[in-house]
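What follows is a set of notes on a single structure, which appears directly below.
The values are calculated or read from the model by the stated rules, or taken from the named source; none is laboratory data. Everything quoted here is computed from the prediction, not taken from an experiment. Counting neighbours? That spans all protein chains shown, and the Cβs are built from the backbone with ideal geometry, glycine included.
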């Protein structure tokens, strides 16, 4: 694990200073944002990207434990004009560009839920495993101009376990239009009571088994989040990426016995081969 981490860190460091000449033949992405994978090189038809990423992240929502996790990266995509259909891990979706400044996206994904074993210190003992289930993600981004230098973002995540709304604003750095460069965004998150109780609530049965106080969460303001993304081509086919995610919880979530931290954080880096 340490060798993998060192290798990916070295690749990311080198890419930060790499001349962009290796990417001059990359086509224009549907939307030039590093947070949105686009392996099509601006051409219609099939495209593929396959790689590996490593993340250092909170063990679960509200956890004071952190750990490394290896995850596959990449996607299978099919493009036709201003529309891309894709399959990426446990997500199947579509995104489309309209009038150069509107991006719409619909994704069906799978939420694996929380497990008692996610805490190596036994913080979740007695709470049982969380419910798995499918979720529908509806997203709209509105750019201030066709260059996508600044944009507004709205997302709704709907599932049988509750609903989450995300409203944000972002800024893209770099001049290229192939999806490389970096971006930063800040967002405000709201959830309903079902979604809040999914990760932070404790019912009577769980309270009796865990020894924690019974807790019923209300809907409303959840948190403020900060998200940074980086993506660059280090050769014609090799692409490196990285991200930093920080979410600071509101006071209502912090009163839950499950929330041993007032934030969730994640740092990830990886590499992808684009066929």
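A quick yes/no check of all residues on (1) touching a residue at least 40 places away in the same chain (Cβ under 8 Å); (2) over 29 Å from residue 52 (Cβ atoms):
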site: 88; (1), (2): yes, no
site: 92; (1), (2): no, no
site: 103; (1), (2): yes, no
site: 109; (1), (2): no, no
site: 119; (1), (2): yes, no
site: 134; (1), (2): no, no
site: 187; (1), (2): yes, no
site: 206; (1), (2): yes, yes
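The set of residues in the range 124-136 that are out of contact with any helix residue (DSSP H, G or I) (no Cβ under 9 Å at 6 or more places or on another chain) and modelled with pLDDT of 95 or more comprises 135, 136. Scanning the range 225-247 finds no residues that are touching a strand residue (DSSP E or B) at 6+ places or on another chain (Cβ under 8 Å), farther than 30 Å from residue 50 by Cα and at pLDDT 95 or above.
Between 193, 210, 223, the distinction of being over 16 Å from the mean Cα position of the chain (by Cα), closer than 18 Å to residue 114 by Cβ and buried (at least 16 other Cβ atoms within 10 Å of the Cβ) belongs to 210 only. Filtering the range 210-222 to residues that are at positive phi and assigned to a strand (DSSP E or B) leaves only 220. Listed by position, the strands (runs of 3 or more DSSP E) inside the range 141-198 whose residues that are in contact with a helix residue (DSSP H, G or I) (Cβ under 9 Å, 6 or more places away or on another chain) number at least 2 are 150-159, 162-173. Note on the range 124-154: residues that are surrounded by 14 or more Cβ atoms within 10 Å (Cβ to Cβ) and over 25 Å from residue 164 (Cα atoms) amount to 4.
Answer yes or no: is there a residue in the range 29-44 that is modelled with pLDDT of 95 or more, in contact with a strand residue (DSSP E or B) (Cβ under 7 Å, 6 or more places away or on another chain), part of a strand (DSSP E or B) and surrounded by fewer than 14 Cβ atoms within 10 Å (Cβ to Cβ). Looking for residues that are modelled with pLDDT of 95 or more, in contact with a strand residue (DSSP E or B) (Cβ under 7 Å, 6 or more places away or on another chain), part of a strand (DSSP E or B) and surrounded by fewer than 14 Cβ atoms within 10 Å (Cβ to Cβ), one finds none in the range 29-44, hence no. Please go through the range 226-275 and give me each residue that is more than 30 Å from residue 41 (Cα to Cα) and in a strand (DSSP E or B), ordered by number. Residues satisfying the conditions are 246, 247, 248, 249, 263, 264, 265.
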